[in-house]
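Structure first, commentary second.
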Amino acid sequence: MEDNADVRVPVLVVGGSLVGLSTSLFLSRHGVRHLLVEKHSGTSAHPRGRGINARTMELFRTAGAEHAIRRAASVLEGIQGILQARSLTDTADHNWLIKSIDPSGALARFSPTQWCLCSQNNIEPVLAEQSRAQGADIRFGNELMSFDQDSTGVNAVVKNRTTGEHITVRADFLIAADGPRSPVREQLRIPQTGNGELFHNVSVTFRSERLVKVLGDLRFIVCYLMRPGADGALLPVDNDTQWVFHAPWHPDQGETLEDFTDERCVDQIREAVGVPDLDVEIGGKAPWHAAERVAERYSSGRVFLAGDAAHEMSPTGAFGSNTGIQDAHNLAWKIAAVLDGSAGIELLDTYQAERLPVARATSERASARSAEHSHPGYAPPPTMGGGPGSGVLTTAMAYCYTQGALVGGDPARPVIPETLQSMGDTGTRAPHMWLTRAGERISTLDLYERSFVLLSGAGTPWQAAAEQAARQLGMRLDAYAIGSGPGADLVPEGGAPWTEVHHLGADGAVLVRPDGFVAWRSEGAVTDPASVLREVLSTVLRRA
């Protein structure tokens, strides 16, 4: 098959949902040619996941997709808050679990962007369009039938589900973003750990013109309706006539999907809302399962898992989809570096070393969040609580890598800290600050995407050292001098001392990876900085 493959690509992506399409976008941004196959005929027709946290929006910002995503999300713009109530009509028992995602406005100090509420059926077409515009080969209605691998690549058979035609594909690497019941993971026989199934829901889309009048000025991301026998979660789709109701489903008690007739769903929605004659027109139904599972390994040879194939999480906090997109971002730059020869293939081992601990810690936070919010259908162990670090912003923004593609990390550091704090240590997300570059206002985070970046003060020897190290290693390394005087490439807004934000001395420097995480830092001057940088980069990139 290797010699006679119909299609040859560096990367084969299996799965064209949110994580798979994000993988395609990030690979495209790095110029990595790839083929994405998805067995369904198109993008999601169901709203499904909606919350895109600020860290993920930072990634879409650097990938050039933020504005298009916000346009697609405009119908839900400005909606915030998580409400718990016995019914919508009884305002006396309304309890705001979260009134605002960022009530103090603290996020603006940490990020150039904000979180976004965009239903999956709206964001997936944007990601597909953005990827295809950069040359991505995305084929819906095509299913992976089989694969095997050898020491240099992966052989796969893909079936066109419309024509029945089979093609063979030869790829250097395969990325499986094929969902929680991943056939790729199953074939690789990679086990999972965690608390397993948590609860089951049936997601019911419906149309109601009167519901928005019932709400009046009330707006929310989700409302947990707690009426006994008619509990569920209500979510706006367009905040006008389109809605989703998540009804608890109990298959362990013999309840089947067939039991969720249109009549039952209408009655349950009316009862939960508290309006017996509410107009309800059922659109569709989709079962979903909340679980806490993380794969014990994220790869086998040249095959890698991402998204739900690697980890399942309770939906509260939208941690699962965001963690999956961030998986894709982490893996994309590393595969690109291996393919262009700037890194050794051992760099890909750091994908698991970095992302697996984050998934384990985040999945625990997600389950704890569901317990705190009394998610309908979830009966958690009585001992479960939020615990340190369970805050949404902290979990989303402040996680760190204690080992992996970095030099000088702290293995004893918690993967998720107790509080949201300034970044900048090795293994953490590089801190945001506003700069001026050639008259343009940018964030430091806008510098990080396609190459390593070295930041240092103007007038220090670090820039010349970076040029020398990059030349000797045959790789791209962008070096910027920050300051307000002559020789500065970047001028901090308002004269803010960049060294304080990055916790460095005046002669220090920080090396940031393409994904915006700190790979290494020097708090002050060093002897022979070019040699130091060369050694650090060789270690980070696993070069022999």
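A probe of 1.4 angstrom, applied to the heavy atoms of all protein chains, finds Met226 with accessible area near 60 square angstrom. Treating r as the C-beta distance of Glu165 and Ala68 and R0 as 25 Å, the FRET efficiency rounds to 0.15.
Toward the positive end of the charge dipole of region 1-102, with +1 on the Cβ of Lys and Arg and -1 on the Cβ of Asp and Glu, the farthest Cα among Gly20, Ser41, His67 is that of His67. Each Lys and Arg contributes +1 and each Asp and Glu -1, all at the Cβ; summed about the Cα centre of the chain, the dipole is approximately 760 debye.
Percent of C-alpha pairs per 10 Å bin in the chain, short distances first: 4, 18, 27, 25, 17, 7, 2, 0. Over region 2-93, Cα pairs under 8 Å with separation of 6+ residues give a relative contact order of 21 percent. Paramagnetic label reach from Glu296 (point 7 Å along Cα→Cβ; backbone nitrogen cut-off under 20 Å): within region 343-357, residues 349-357.
Remark: the Gln253-Asp478 segment gains 75.0 nm on full extension, using 0.36 nm per residue and subtracting the alpha carbon distance.
For the chain, the antiparallel share of DSSP beta bridges with both residues in that region comes to about 70%.
Straight Cα distances below 24 angstrom link Lys99 to the lysines Lys213, with same-chain residues fewer than 8 positions distant left out. Each of Ser451, Gly483, Val501 was placed along the dipole of region 420-534 (beta-carbon charges, centred on the mean Cα), and the one lying farthest toward the positive end is Ser451.
3J(HN,Hα) along region 514-521: x, 8, x, 9, 6, 8, 5, 8 Hz, from the Karplus curve 6.51 cos²θ - 1.76 cosθ + 1.60 with θ = phi - 60°, whole Hz, x for Gly and Pro. Considering only beta bridges that DSSP places wholly inside region 373-527, some 70 percent are antiparallel. The simple spin-label model puts a point 7 Å past each Cα toward its Cβ; for Ala525 and Arg441 those points are separated by 3.6 nm.
Label reach from Arg207 (point 7 Å along Cα→C-beta): in region 230-256, amide nitrogens under 13 Å belong to 241-243.
Along its first, second and third principal axes, ordered by size, region 22-148 spans 58, 34, 28 Å in Cα coordinates. Here Asp277 and Glu372 are evaluated by their C-beta separation; at R0 = 45 Å the FRET efficiency comes out at 0.85.
Using a probe of 1.4 angstrom and keeping all protein chains present, the accessible surface of the chain works out to 39 square angstrom per residue. The H on the amide N of Leu198, modeled in the peptide plane, is under 5 Å from the matching H of Ala290, Ala291, Glu292, each at least 5 residues off or on a different chain. The phi-based Karplus calculation (6.51 cos²θ - 1.76 cosθ + 1.60; θ = phi - 60°) puts the 3J(HN,Hα) values of region 307-320 at x, 4, 5, 9, 7, 10, 9, 4, x, 5, x, 6, 6, x Hz, whole numbers, x for Gly and Pro.
Computed over region 392-544, the P(r) tail beyond 28 angstrom holds 16 percent of alpha carbon pairs. Once every Cα of region 209-311 carries one equal point scatterer and solvent is ignored, give the base-10 log of I(q)/I(0) from the Debye formula at q = 0.13, 0.19 Å⁻¹, two decimals. With one equal scatterer per Cα and no solvent, log10 I(q)/I(0) is -0.60, -0.98.
Note that region 123-131 has calculated 3J(HN,Hα) couplings of 7, 4, x, 5, 4, 5, 5, 5, 5 Hz, one per residue in order, obtained from phi through the Karplus relation 6.51 cos²θ - 1.76 cosθ + 1.60 (θ = phi - 60°); glycine and proline are x. The sum of -39500 (n - 2.57) across all DSSP H runs of n ≥ 4, divided by the residue count of the chain, sets its helix-only mean residue ellipticity at 222 nm to -8000 deg cm²/dmol.
Were the residues from Ser41 through Ala412 laid out at 0.36 nm apart, the gain over their Cα-Cα distance would be 128.9 nm.
Partner lysines whose Cα lies under 28 Å from the Cα of Lys39, excluding those fewer than 8 positions away in the same chain, are identified as Lys159, Lys285, Lys334. Considering all C-alpha pairs of region 312-370, those separated by over 15 Å amount to 52%.
Applying a DSSP loop filter and a limit of 16 other Cβ atoms within 10 Å to the GluC sites (Glu not before Pro) in region 222-292 leaves Glu255.
Taken about its Cα centre, region 65-172 carries a charge dipole of roughly 240 debye when the Cβ of each Lys and Arg holds +1 and the Cβ of each Asp and Glu holds -1.
Let's test the formula: R0 of 25 Å, r as the Cβ-Cβ distance of Glu535 and Glu500. What FRET efficiency results, to the nearest 0.05? Calculated value: 0.35.
Accessible area of the chain with a 1.4 Å probe: how many percent of it is carbon plus sulfur? On the chain, the fraction of accessible area on carbon and sulfur atoms equals 46 percent. Modelled spin labels at Gln80 and Gln187, positioned 7 Å past Cα toward Cβ, are 4.7 nm from each other. Placing +1 at every Lys and Arg Cβ and -1 at every Asp and Glu Cβ, with all other atoms neutral, what dipole size does region 262-402 have around its Cα centre, in debye to the nearest 20? It works out to roughly 540 debye. Length gained on full extension, Gln421 to Arg264, computed as 0.36 nm times the residue gap minus the Cα-Cα distance: 51.8 nm.
The values are calculated or read from the model by the stated rules, or taken from the named source; none is laboratory data. Small disclaimer: the values here were computed from a predicted structure and weren't measured. Note that each Cβ is placed from the backbone with ideal geometry, even for glycine, and that neighbours are counted across all protein chains shown. Remember, those area values only see protein heavy atoms, side chains included, never the ligands or the DNA or RNA. Shrake-Rupley method; radii C 1.70, N 1.55, O 1.52, S 1.80 Å.
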